[in-house]
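**Q** Have a look at this one.
The values are calculated or read from the model by the stated rules, or taken from the named source; none is laboratory data. Not measured: the values here are computed from a predicted model. Counting neighbours? That spans all protein chains shown, and the Cβs are built from the backbone with ideal geometry, glycine included. Just the protein is used for accessible areas: all its heavy atoms, side chains included, with ligands, DNA and RNA removed. Shrake-Rupley method; radii C 1.70, N 1.55, O 1.52, S 1.80 Å.
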Amino acid sequence: GGSGDGDYVYAFDAFLLPLFRLYRPELIIVSAGFDSARGDPLGGCDLTPKGYARLLHKLIDLEPSRGVALCLEGGYNCISVSRSYAACVGALLGAERPDDDVPEASLRAKRAVAETARHVAPHWPKLHKAEKRCRKAYMRAFKAHLALAAAQPTPQGGEMDLEPPGFGWSMPAVGQQRGQ
(Lines give C-alpha, C1' and ligand atoms only; values in the text may rest on other atoms or scores of the structure.)
Protein backbone atom coordinates (compact mmCIF):
# COMPACT_ATOMS: atom_id res chain seq x y z
CA GLY A 1 0.00 0.00 0.00
CA GLY A 2 0.86 3.65 0.00
CA SER A 3 1.48 6.06 2.84
CA GLY A 4 0.27 4.80 6.19
CA ASP A 5 -0.16 5.91 9.78
CA GLY A 6 3.54 6.47 10.45
CA ASP A 7 3.94 8.61 7.34
CA TYR A 8 0.97 10.82 8.16
CA VAL A 9 1.90 11.21 11.84
CA TYR A 10 5.41 12.20 10.78
CA ALA A 11 4.08 14.83 8.35
CA PHE A 12 1.81 16.22 11.07
CA ASP A 13 4.47 16.30 13.79
CA ALA A 14 7.39 17.45 11.67
CA PHE A 15 5.77 20.15 9.60
CA LEU A 16 2.00 20.62 9.72
CA LEU A 17 1.55 21.13 13.45
CA PRO A 18 4.33 23.76 13.63
CA LEU A 19 2.58 25.55 10.76
CA PHE A 20 -0.82 25.32 12.46
CA ARG A 21 0.63 26.59 15.76
CA LEU A 22 1.91 29.72 14.01
CA TYR A 23 -1.63 30.70 13.14
CA ARG A 24 -3.46 29.53 16.28
CA PRO A 25 -6.67 28.76 14.41
CA GLU A 26 -10.00 29.59 16.01
CA LEU A 27 -11.83 26.97 13.96
CA ILE A 28 -10.51 23.90 12.16
CA ILE A 29 -12.67 22.44 9.41
CA VAL A 30 -11.52 19.06 8.08
CA SER A 31 -12.60 17.93 4.64
CA ALA A 32 -13.03 14.31 5.68
CA GLY A 33 -13.06 12.34 2.45
CA PHE A 34 -11.12 9.32 3.68
CA ASP A 35 -9.61 8.74 0.23
CA SER A 36 -6.35 7.94 2.03
CA ALA A 37 -7.97 5.14 4.03
CA ARG A 38 -6.73 1.58 3.86
CA GLY A 39 -8.85 -0.19 1.25
CA ASP A 40 -9.86 2.87 -0.75
CA PRO A 41 -9.54 1.90 -4.43
CA LEU A 42 -8.54 5.36 -5.68
CA GLY A 43 -6.41 6.84 -2.90
CA GLY A 44 -3.84 4.06 -2.80
CA CYS A 45 -2.85 4.94 0.77
CA ASP A 46 -2.91 2.90 3.96
CA LEU A 47 -4.21 5.14 6.75
CA THR A 48 -6.11 3.15 9.38
CA PRO A 49 -9.11 4.30 11.44
CA LYS A 50 -6.76 4.55 14.45
CA GLY A 51 -4.46 6.69 12.32
CA TYR A 52 -7.28 9.09 11.46
CA ALA A 53 -8.28 9.29 15.13
CA ARG A 54 -4.67 9.93 16.13
CA LEU A 55 -4.39 12.81 13.63
CA LEU A 56 -7.70 14.30 14.71
CA HIS A 57 -6.59 14.22 18.37
CA LYS A 58 -3.55 16.27 17.29
CA LEU A 59 -5.87 18.88 15.78
CA ILE A 60 -8.07 18.88 18.87
CA ASP A 61 -4.92 19.44 20.98
CA LEU A 62 -4.46 22.79 19.19
CA GLU A 63 -7.52 23.89 21.21
CA PRO A 64 -9.19 26.07 18.62
CA SER A 65 -11.62 28.34 20.49
CA ARG A 66 -14.50 27.53 18.13
CA GLY A 67 -13.70 23.82 17.82
CA VAL A 68 -13.01 21.23 15.15
CA ALA A 69 -15.56 20.23 12.52
CA LEU A 70 -15.57 17.35 10.07
CA CYS A 71 -17.28 17.65 6.70
CA LEU A 72 -17.82 14.21 5.25
CA GLU A 73 -17.11 14.12 1.52
CA GLY A 74 -15.84 11.39 -0.78
CA GLY A 75 -14.06 8.20 -0.08
CA TYR A 76 -14.73 5.26 -2.36
CA ASN A 77 -14.90 2.27 -0.03
CA CYS A 78 -17.98 2.39 2.19
CA ILE A 79 -16.44 0.12 4.82
CA SER A 80 -13.24 2.18 5.03
CA VAL A 81 -15.22 5.43 5.18
CA SER A 82 -17.58 4.19 7.89
CA ARG A 83 -14.80 2.81 10.10
CA SER A 84 -12.60 5.88 9.70
CA TYR A 85 -15.46 8.31 10.25
CA ALA A 86 -16.58 6.40 13.35
CA ALA A 87 -13.04 6.63 14.76
CA CYS A 88 -12.99 10.38 14.13
CA VAL A 89 -16.43 10.95 15.66
CA GLY A 90 -15.18 9.00 18.67
CA ALA A 91 -12.20 11.37 18.93
CA LEU A 92 -14.52 14.38 18.74
CA LEU A 93 -16.65 12.89 21.50
CA GLY A 94 -13.64 12.38 23.78
CA ALA A 95 -12.67 8.76 23.13
CA GLU A 96 -9.23 7.79 24.35
CA ARG A 97 -6.32 8.17 21.98
CA PRO A 98 -5.05 5.08 20.22
CA ASP A 99 -2.28 3.76 22.45
CA ASP A 100 -0.47 1.46 20.07
CA ASP A 101 2.92 2.31 18.64
CA VAL A 102 3.04 4.32 15.44
CA PRO A 103 5.19 2.75 12.71
CA GLU A 104 8.32 4.59 11.62
CA ALA A 105 7.74 6.94 8.69
CA SER A 106 9.08 5.69 5.38
CA LEU A 107 12.07 7.23 3.65
CA ARG A 108 9.71 8.29 0.86
CA ALA A 109 7.51 10.17 3.35
CA LYS A 110 10.45 11.89 5.01
CA ARG A 111 11.68 13.02 1.62
CA ALA A 112 8.23 14.31 0.61
CA VAL A 113 7.87 16.26 3.86
CA ALA A 114 11.37 17.72 3.54
CA GLU A 115 10.73 18.72 -0.09
CA THR A 116 7.42 20.33 0.85
CA ALA A 117 9.02 22.18 3.75
CA ARG A 118 11.80 23.41 1.45
CA HIS A 119 9.26 24.90 -0.95
CA VAL A 120 7.02 26.42 1.72
CA ALA A 121 9.63 27.82 4.14
CA PRO A 122 10.69 30.78 1.92
CA HIS A 123 7.13 32.07 2.11
CA TRP A 124 6.85 31.60 5.89
CA PRO A 125 10.19 32.55 7.48
CA LYS A 126 9.05 31.29 10.90
CA LEU A 127 9.06 27.77 9.42
CA HIS A 128 12.80 27.72 8.69
CA LYS A 129 13.54 25.74 11.86
CA ALA A 130 10.90 23.15 10.98
CA GLU A 131 12.29 22.95 7.43
CA LYS A 132 15.80 22.39 8.76
CA ARG A 133 14.58 19.64 11.12
CA CYS A 134 12.74 17.93 8.25
CA ARG A 135 15.79 18.09 6.01
CA LYS A 136 18.07 16.68 8.73
CA ALA A 137 15.59 13.89 9.53
CA TYR A 138 15.43 12.93 5.87
CA MET A 139 19.22 12.94 5.50
CA ARG A 140 19.62 10.74 8.60
CA ALA A 141 17.05 8.30 7.23
CA PHE A 142 18.69 8.40 3.80
CA LYS A 143 22.14 7.63 5.25
CA ALA A 144 20.69 4.76 7.29
CA HIS A 145 19.02 3.45 4.14
CA LEU A 146 22.34 3.60 2.27
CA ALA A 147 24.10 1.71 5.05
CA LEU A 148 21.41 -0.95 5.00
CA ALA A 149 21.52 -1.18 1.18
CA ALA A 150 25.32 -1.49 1.25
CA ALA A 151 25.06 -4.43 3.66
CA GLN A 152 22.68 -6.30 1.34
CA PRO A 153 23.95 -8.39 -1.55
CA THR A 154 23.33 -6.74 -4.90
CA PRO A 155 20.91 -8.47 -7.26
CA GLN A 156 22.58 -10.91 -9.61
CA GLY A 157 23.84 -9.20 -12.74
CA GLY A 158 23.19 -5.62 -11.70
CA GLU A 159 23.48 -2.79 -9.31
CA MET A 160 20.94 -1.56 -6.85
CA ASP A 161 18.33 0.73 -8.40
CA LEU A 162 18.78 3.75 -6.17
CA GLU A 163 17.25 7.21 -6.35
CA PRO A 164 19.17 10.44 -5.61
CA PRO A 165 18.25 12.36 -2.46
CA GLY A 166 17.09 15.49 -4.27
CA PHE A 167 17.25 19.05 -2.97
CA GLY A 168 20.17 19.88 -5.25
CA TRP A 169 22.58 18.77 -2.52
CA SER A 170 25.92 17.52 -3.72
CA MET A 171 25.69 13.83 -2.95
CA PRO A 172 26.30 10.90 -5.22
CA ALA A 173 23.28 9.69 -7.18
CA VAL A 174 22.46 6.80 -4.92
CA GLY A 175 19.33 6.61 -2.83
CA GLN A 176 16.28 4.58 -2.29
CA GLN A 177 15.46 1.03 -3.37
CA ARG A 178 12.26 0.35 -5.23
CA GLY A 179 9.27 -0.25 -3.02
CA GLN A 180 10.48 2.03 -0.20
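Matching residues to (1) open to solvent by less than 50 Å² (accessible area, probe 1.4 Å); (2) out of contact with any Phe, Trp or Tyr (no Cβ under 9 Å at 6 or more places or on another chain):
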{"position": "55", "(1), (2)": "yes, no"}
{"position": "63", "(1), (2)": "no, yes"}
{"position": "66", "(1), (2)": "no, yes"}
{"position": "71", "(1), (2)": "no, yes"}
{"position": "90", "(1), (2)": "yes, yes"}
{"position": "100", "(1), (2)": "no, yes"}
{"position": "105", "(1), (2)": "yes, no"}
{"position": "117", "(1), (2)": "yes, no"}
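**Q** I need the full set of residues from segment 23-44 which are within 18 Å of residue 58 (Cβ to Cβ) and acidic (Asp, Glu), in order please.
**A** 26
**Q** Collect the residues in segment 4-37 that are in contact with a strand residue (DSSP E or B) (Cβ under 7 Å, 6 or more places away or on another chain) and surrounded by fewer than 21 Cβ atoms within 10 Å (Cβ to Cβ), keeping them in residue-number order. Don't jump to the end; show me each part of the working.
**A** Of all residues in segment 4-37, those in contact with a strand residue (DSSP E or B) (Cβ under 7 Å, 6 or more places away or on another chain) come to 4-5, 8, 27-32, 36-37.
Those that are in contact with a strand residue (DSSP E or B) (Cβ under 7 Å, 6 or more places away or on another chain) and surrounded by fewer than 21 Cβ atoms within 10 Å (Cβ to Cβ): 4, 27, 28, 29, 30, 31, 32.
**Q** With segment 1-115 as the region, which helices (runs of 4 or more DSSP H) entirely inside it contain at least 1 residues that are free of Cβ contacts under 8 Å to residues at least 40 places away in the same chain and under 24 Å from residue 128 (Cα atoms)? Steps first, answer last, please.
**A** Details: elements: 5-11, 17-23, 49-60, 78-92.
Correct list: 17-23, 49-60.
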